[in-house]
Amino acid sequence: MVFKRFSFVALFGGLMLVSSLSAETSHSRRERAIGGRLFSRGKWPSLVLLRAAVVTERNGLEFTTKQSYCGGVLINRHWILSAAHCYVNHRLNGLGEAQNWKARLGTVDYSTSEYHKLRNDMGCSVGDDEMREWEIDIKKIVLHPSFDNRNGPSLDDIALIKLSRPAPKISRIEPIALPSQTNTSFPSRGQMCTTMGWGCTSRGGGVSLRAVQIHLPIYSNRLCRKMYKVFSLDKNFCAGYRSRRINISTCRGDSGGPLLCTSGSQYTLAGILHGGRQTSRGSYPRIFQRVQHYLPWIQSVIS
């Protein structure tokens, strides 16, 4: 028994070393993907990866599934905030069904490798929740009642996702603070904020196997209204750069991810990524749902 335990721990230690070296190599090769940087597990403990597997065709015992994913942010132990359009696709039925979705918490990796499985087994065997992989089923998806994307982008592109069981209370899984209803100057113009997710790391690319973070300034409301031809930004705001020379922007697949800005001494949830224009080169400011505007709706749903 002692020999077996020693062998298991030695094997796990070896895998930890290999994984660490692999992560360092990956970081050096992809450090500036769309202006983004990789970050370590636990850096942004409220970040959530939401993944769906929707059955599109059945033939006896065989079936075909289509994968979909979006970002999200944990706002308490039971609820996640995300973008509503992630769960509505008129060409793919089933995205609005909670049983097709799972939430991965406290991770930077898109998929679970053999290393992750071994680490999870080790965590379960020694009772260490910090080592475990946390993937939780979704119980309910609540879209904002005014959301409607059939005639173009919706102003109310926001959704609440309820977990089937509470998120664990560990250091790398923590809810984010919500903004104050009375602080109307948050976020302020020019303030540097951070968003992160698993969206593509190059124009036209696919999912990023590791989450990437980018820093974006809050863009002028006047220029944002002019750019997107809207009269009011009570529900939205822009963040990012408008430049051919600066290549820093979110990408396809980052939808639903959070924009976190400092308020006082802590990071606070300012926005949920909706989308916006993209160019073949350079950067364009992106549209975020203003979380502050939706606080009454959020409170009414979760309570």
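The values are calculated or read from the model by the stated rules, or taken from the named source; none is laboratory data. These figures come from a predicted structure and were not determined experimentally. Note that each Cβ is placed from the backbone with ideal geometry, even for glycine, and that neighbours are counted across all protein chains shown.
Going by what's in this entry, would THR262 be described as under 22 Å from GLU174 (Cα atoms) and surrounded by fewer than 19 Cβ atoms within 10 Å (Cβ to Cβ)? It is true that THR262 is under 22 Å from GLU174 (Cα atoms) and surrounded by fewer than 19 Cβ atoms within 10 Å (Cβ to Cβ). For region 127-151, the set of residues classified as closer than 17 Å to ALA52 by Cα and of a type in the set (D, E, K, R) consists of GLU135, ASP137, LYS139, LYS140, listed by residue number. If you check THR250, THR201 for being in contact with a Cys (Cβ under 8 Å, 6 or more places away or on another chain), part of a loop (DSSP other than H, G, I, E, B) and of a type in the set (Val, Ile, Thr), only one passes: THR201.
Residue selection: PRO285 fails the criterion of being surrounded by 15 or more Cβ atoms within 10 Å (Cβ to Cβ) and modelled with pLDDT of 95 or more.
Of everything listed in (1) within 26 Å of ASN89 (Cβ to Cβ); (2) over 19 Å from the mean Cα position of the chain (by Cα); (3) assigned by TED's automatic domain parsing to the domain that holds ARG286; (4) surrounded by 14 or more Cβ atoms within 10 Å (Cβ to Cβ), the single unmet condition for ASN149 is (3). Considering only residues that are assigned to a loop (DSSP other than H, G, I, E, B) and out of contact with any helix residue (DSSP H, G or I) (no Cβ under 9 Å at 6 or more places or on another chain), look in region 76-93 and name the one that is nearest to ARG210 (Cα to Cα). The qualifying residue nearest to ARG210 (Cα to Cα) is ALA83. Only a single item in (1) at pLDDT 90 or above; (2) touching a Ser or Thr at 6+ places or on another chain (Cβ under 8 Å); (3) in a loop (DSSP other than H, G, I, E, B) is not met by GLY96, and it is number (2).
Is it true that GLU114 is surrounded by fewer than 16 Cβ atoms within 10 Å (Cβ to Cβ) and out of contact with any strand residue (DSSP E or B) (no Cβ under 8 Å at 6 or more places or on another chain)? So GLU114 fits the description; yes.
For PHE186, the criteria (1) more than 20 Å from the chain's Cα centre (by Cα); (2) at pLDDT below 95 hold in every case but one, which is (2). Inspection of region 123-140 identifies no residue that is part of a loop (DSSP other than H, G, I, E, B), modelled with pLDDT of 90 or more and acidic (Asp, Glu). Of the residues making up region 146-166, those that are touching a Phe, Trp or Tyr at 6+ places or on another chain (Cβ under 7 Å) and in a loop (DSSP other than H, G, I, E, B) are SER154, ASP156, ASP157, ILE158.
Of all residues in region 237-265, those that are closer than 18 Å to TRP198 by Cβ have Cβ atoms under 6 Å from Cβ atoms of residues that are of a type in the set (D, E, K, R) and part of a strand (DSSP E or B), 6 or more apart or on another chain, in THR250/ARG286. Filtering SER280, SER232, SER208 for residues that are crowded, with 19+ Cβ neighbours inside 10 Å and either modelled with pLDDT of 90 or more or not in a strand (DSSP E or B) (or both) leaves a single hit, SER208.
Looking across ILE272, ILE302, one residue alone is outside the structural domain of ARG104 (by TED's automatic domain parsing) and either surrounded by fewer than 17 Cβ atoms within 10 Å (Cβ to Cβ) or under 19 Å from ARG37 (Cα atoms) (or both). It is ILE302.
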